[in-house]
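Notes follow the structure.
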There are 2 protein chains.
Amino acid sequence: MSPAAEPVADKPSRREQILAAAAELFARHGFHGVGIDDIGSAVGISGPALYRHFRSKDAMLGEMLTSISEVLLDGGQSRVGAARSPHDTLGDLVRFHVDFALDNPALITVQERNLGNLTDPDRRKVRGLQRRYVELWVEVVRSAVPETEEPTARAQAHAVFGLINSTPHSRHLDRAQMADLLTGMALAALVQ
Amino acid sequence: MSPAAEPVADKPSRREQILAAAAELFARHGFHGVGIDDIGSAVGISGPALYRHFRSKDAMLGEMLTSISEVLLDGGQSRVGAARSPHDTLGDLVRFHVDFALDNPALITVQERNLGNLTDPDRRKVRGLQRRYVELWVEVVRSAVPETEEPTARAQAHAVFGLINSTPHSRHLDRAQMADLLTGMALAALVQ
DNA sequence: CCATCCGGTTAGTCACCGCTAACCCCCTAC
DNA sequence: GTAGGGGGTTAGCGGTGACTAACCGGATGG
């Protein structure tokens, strides 16, 4: 499948370029609202040339979403790995997610809107990664606020994702202010 | 779904039925991912019979989204109309939106995902209604927390919508608990 | 210096989708 | 008892979209 899962990322090339353009388009028009030709011309090549890089349109979405989910899970785990106070860990986790959302609005949008357009195996994979990411949040929330029940913590995590991921829909503050605002709101919502 | 939700209006009929089914499908698969035949068979009729009730597939989405936006705006305005303390008004507004989201998960999902699939005139109309709803929130937030700048309040409103509208993605608490949780989180995020 | 292959091109195929056409009940009002 | 219309049916048309086929230029390494 993936020709090489490179640790060293000295590859800024095509594939990535195509995925970025596709993400932008999927975010704006939805998966089925975007044609192969649209994606092609967005990167300066035209139409079927994409099949030199991806097996299918579904494969593009699949790779896009799995890689997002992996980045989130890895980043989350590394934040939790750094042993600090539960409350600080929660702060780090929130900040990490906020930064990711602010830096990758199109990806975040695609992830929350287009999960249903994945192939069955891809969806299973992405769902699995997302579930583990949520579990991470649940544990961190519950160790920062111990009296929280598990289902409540899960619901809180989803709600906070919704809050943070709303970022693409409002662009009236600059990046730094927005990051602070969202972080503050998320933490307030979690610890009340 | 519930045939007798109506206070007086004894018209639960077709159109509404079709819109409800279409909302469900649009929410799950996206506008372009749903065919005319899918919608038809979801209400027991098949395919082109829908054109006895709507001029086009676009018209279905248009009517769906404008009616949602109108319901939200009207409901919001009536909550604000009842003169109470700024803080109570904010609480009412939050609770109103939470209730709507919990009672209409499919509609909420379609509204936030499929704005981009609207016809240009429809989109303008819906955008206008949404803008007025946001302005309502901005004013209520600013009168409850006067030191808030306007752009900040706008960003907060969007973020809170994201939080509340995340509802369809998590179903592990019952309706009442979920309503209380979301209301509490939203208010905490707003007043900090 | 040539073989190869990587990454592009255009033309074409096939399925599907929105929508129209033509037809067909009932049910109701006169 | 029949006229009419609201709401349903199936067949089919035109357009579009994903993908394949066949071809091609140029860099590269043996």
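The values are calculated or read from the model by the stated rules, or taken from the named source; none is laboratory data. This structure is a prediction, so every number in the text was calculated from the model and none was measured. Quick reminder, even Gly has a Cβ in these numbers, built from the backbone with ideal geometry, and neighbours come from all protein chains shown. When the accessible area is computed, the model is the full protein with side chains, heavy atoms only, and any ligands, DNA or RNA have been set aside. Shrake-Rupley method; radii C 1.70, N 1.55, O 1.52, S 1.80 Å.
So here's what we get for this one:
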item: Whole-Å distance, taken between Cα centres, linking the stretch A:120-149 and the stretch B:172-189; result: 19
item: Two-site label geometry, B:Gln77 and A:His172: point separation in nm, points 7 Å out along Cα→Cβ; result: 2.0
item: Chain A: angle of helix A:57-81 to the longest principal axis, Cα-based, in degrees nearest 10; result: 30
item: Nm distances between copies for A:Ala176, ranked from closest, using label points 7 Å along Cα→Cβ; result: 4.8
item: FRET efficiency, B:Ile45 to A:Arg14 (Cβ-Cβ, R0 41 Å, nearest 0.05); result: 0.30
item: Inter-label distance for A:Ser85 and B:Asp37, nm, one decimal - labels placed 7 Å from Cα along Cα-to-Cβ; result: 6.2
item: Those residues of the stretch B:18-57 for which accessible area with every protein chain present is at least 10 Å² below the isolated value (1.4 Å probe); result: B:Arg28, B:His29, B:His32, B:Gly33
item: Candidate aspartates and glutamates for bridging to A:Lys125, where Cα separation is under 17 Å - those fewer than 8 sequence places away on the same chain excluded; result: A:Asp58, A:Glu63, A:Glu70, A:Asp74, A:Glu112, A:Glu135
item: Dipole moment magnitude, nearest 20 debye, the stretch A:56-191 about Cα centre, only Lys, Arg, Asp, Glu C-beta charged; result: 240
item: Most mobile listed residue (A:Ser143, A:Ser13, A:Ser166) in chain A, GNM with C-alpha springs under 10 Å; result: A:Ser13
item: Accessible surface, the protein assembly as shown, averaged per residue in Å² (probe 1.4 Å); result: 48
item: Computed label-point distance, nm, for sites B:Asp58 and A:Asp180 using a 7 Å Cα→Cβ extension; result: 4.5
item: Rounded percent of accessible protein surface that carbon and sulfur make up, the protein assembly as shown, 1.4 Å probe; result: 50
item: Helical mean residue ellipticity (222 nm; -39500 (n - 2.57) per DSSP H run of 4+; nearest 500) of chain A; result: -23000 deg cm²/dmol
item: Rounded accessible area of B:Ser78 (nearest 10 Å², 1.4 Å probe); result: 70
item: Proximal charge balance of A:His29 [Cβ under 12 Å; K/R count +1, D/E count -1]; result: +1
item: In the A-B interface, the accessible area buried, summed over both sides, Å² (probe 1.4 Å); result: 2500
item: Tilt relative to chain B, helix B:15-29 - C-alpha long axis, 0 to 90 degrees, to 10; result: 80
item: Principal-axis tilt of helix A:175-191 within chain A, Cα atoms, nearest 10 degrees; result: 50
